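Reviewing the structure listed below.
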Amino acid sequence: MVIELEDICFAYPRREPVLKGVSFRLQPREKIGLIGPNGSGKSTLLHIIMGLLQPSSGTVRLFGRQARTEKEFREVRTRIGLLFQNADDQLFSPTVLEDVAFGLLNMGIKPSQAKRDAIKTLEELHLERMADRVTHHLSGGEKKLVALATVLVMKPEILLLDEPTTGLDEATDQRIIEILNGIEAGYVIVSHEYDFLALTTRTVYSFRDGKIINNGDSSLLHSHYHSHPAGIVHHSHAQSLK
Amino acid sequence: MREEFAIGDSSLHRLDPRLKIVAASALSIVVAVSTRFSALGVAVGLALILLAFARLPCGAIARHLVMVNGFVILFWIILPVSVPGTPWMHIGPIPLMREGLELAARLTIKSNAIVLAFIALVSTSSVVSLGGGMNRLRLPDKLVHLLLLTYRYLFVIQEEYERLKRAAVVRGFVPKTNLHTYRTYAFLVAILFIRAAARANRVQQAMLCRGFQGRFYSLQEYAFTPKDWMWAAGLGLAVAIIGIIEWMPGPWS
């Protein structure tokens, strides 16, 4: 088991609790989606997995070991890649190449090697032409793709993606779907777009009232809500409807 | 921070940023405490030589000098009439003091020499490599982080400010001299601070997620080349000469 959450509760100060006993497990290479309305605590859950927030009760186990203190989380953080909702929060180095290399340098990899690895990852995502661009001059879509590169370069065993396609155009959407379908690592995607989750995940958990209330095959979930605003985007229908 | 001088390929651009920081600091300290015109003259000469090596656009340098000397003009207006001493000449009934004029002249030479030296030495490096250099020089981490992150997020904060201002303008806001305007600007600044703090928090979280442990590493590898050593010796000698002229009794005084 890569991620095991048990009975997680969480409340922001002076506010209603957002998580009221969430339990959740993720196997290696499993690709799952979390769907729910705004403010339902999806991002909070990802931040708890990373140890950025401390749950008021419940346990977090990562790679089979319980994680509680900052030190314990620090040891496993580089094995989990979190893609933030806002790419501007993630890209803080002046140039793209430096930002992609940042995580590697933190892991103690030599600058020359880090540079090679960073360029390789950028090439894999067809972003190599952006290497020397200044991060704050990139477009929204470019920022998102570069942010994904900064996470993928660290070869995480598991990815956590927070609303990866919000506000992006269709072409960038497509790129992200292709990239996600092409990677071996498992991931958890938080989103409120059914179509996107149906194309990238196997299982979708629904998030409501601070709990994970149901789960199912993502194509089944997909079947009770359907429109074709993007007919050219490849998608599959639920078996039962065929 | 536009880094207009950082792009280039002169010998000064290629110099190790650590050396540039140390040299610029040493030179400014010596210049700041020197009083003899002979020493200050040598310093200006050195700054000009460095500038020639840096091969920077003259127009941009001139703009910077105009900015600096705008302040310096104030000294020329105030000091000759306020510093007590012996009158050197009179403008109408007002005596201009010799000591005040000398002081103003010193300040002018000092500030120009330091600015020119900084343009030639420090601004020919990008903020990032300077940050890396400061890190290698074991300057406090906090200082380095402040520099690097301010550099990165100044633009974002400015953009945020523009967005907020636009949001006010599209709802008919026209700045006037009244309480409503002051209140609006106060809200704007307040929300800017709140957002900046929230963003700082998120950025820190993003950094922690990628294994940040309180130290920035740079992709640039810092290796002192023989050329760097030559420059270090040259700059060291030049600063020492200014110091000797200033403090040794001799024919220069």
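Observations
- Filter result for A:Arg25 (assigned to a loop (DSSP other than H, G, I, E, B) and either in contact with a His (Cβ under 8 Å, 6 or more places away or on another chain) or not aromatic (Phe, Trp, Tyr) (or both)): no
- Applying the set (1) under 19 Å from B:Ala200 (Cβ atoms); (2) more than 8 Å from chain B (Cβ to nearest Cβ) to A:His137 leaves exactly one unmet item: (1).
- Residue check, A:Ser112 touching a helix residue (DSSP H, G or I) at 6+ places or on another chain (Cβ under 7 Å) and within 9 Å of another protein chain (Cβ to nearest Cβ): no
- Matching residues in the range B:82-123 - criterion: being exposed (fewer than 14 other Cβ atoms within 10 Å of the Cβ) and either within 16 Å of the chain's Cα centre (by Cα) or within 20 Å of B:Thr35 (Cα to Cα) (or both): B:Ser82, B:Pro84, B:Thr86
- Inside the range B:138-174, residues that are surrounded by 15 or more Cβ atoms within 10 Å (Cβ to Cβ), without any contact (Cβ under 8 Å) to a residue 12 or more places away in the chain and away from chain A (no Cβ under 13 Å) make up a count of 1.
Matching residues to (1) touching a residue at least 24 places away in the same chain (Cβ under 8 Å); (2) within 14 Å of another protein chain (Cβ to nearest Cβ); (3) of a type in the set (Asp, Glu):
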site: B:Arg210; (1), (2), (3): no, yes, no
site: B:Lys227; (1), (2), (3): yes, no, no
site: B:Trp231; (1), (2), (3): yes, no, no
site: B:Ala240; (1), (2), (3): no, no, no
site: B:Gly243; (1), (2), (3): yes, no, no
site: B:Trp247; (1), (2), (3): no, no, no
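- If you go through the range A:48-101 and keep only what is away from every other protein chain (no Cβ under 11 Å), touching a residue at least 24 places away in the same chain (Cβ under 8 Å) and either of a type in the set (Val, Ile, Thr) or surrounded by 17 or more Cβ atoms within 10 Å (Cβ to Cβ) (or both), you end up with A:Ile48, A:Pro55, A:Thr59, A:Val60, A:Leu62, A:Val96.
- Failed condition for B:Thr177, given (1) in a loop (DSSP other than H, G, I, E, B); (2) surrounded by 11 or more Cβ atoms within 10 Å (Cβ to Cβ); (3) over 29 Å from the mean Cα position of the chain (by Cα); (4) not aliphatic (A, V, I, L, M): (2)
- Selection status of B:Ala6, assigned to a helix (DSSP H, G or I) and at negative phi: no
- Scanning the range B:214-253 for residues that are assigned to a loop (DSSP other than H, G, I, E, B) and basic (Lys, Arg) yields one hit, B:Arg215.
- Counting only helices (runs of 4 or more DSSP H) that sit wholly inside the range A:42-93, those with at least 2 residues that are in contact with a Phe, Trp or Tyr (Cβ under 8 Å, 6 or more places away or on another chain) are A:42-49.
- Qualifying positions in the range B:25-58 - hydroxyl-bearing (Ser, Thr, Tyr) and either free of Cβ contacts under 8 Å to residues at least 12 places away in the same chain or surrounded by 22 or more Cβ atoms within 10 Å (Cβ to Cβ) (or both): B:Ser25, B:Ser34
Laboratory data are not the source of any read-out in this text; all were calculated from the coordinates shown. Being a predicted model, the structure only gives us computed values, none of them experimental. Because the Cβ atoms are built from the backbone with ideal geometry, glycine has one as well, and the counts that use them run over all protein chains shown.
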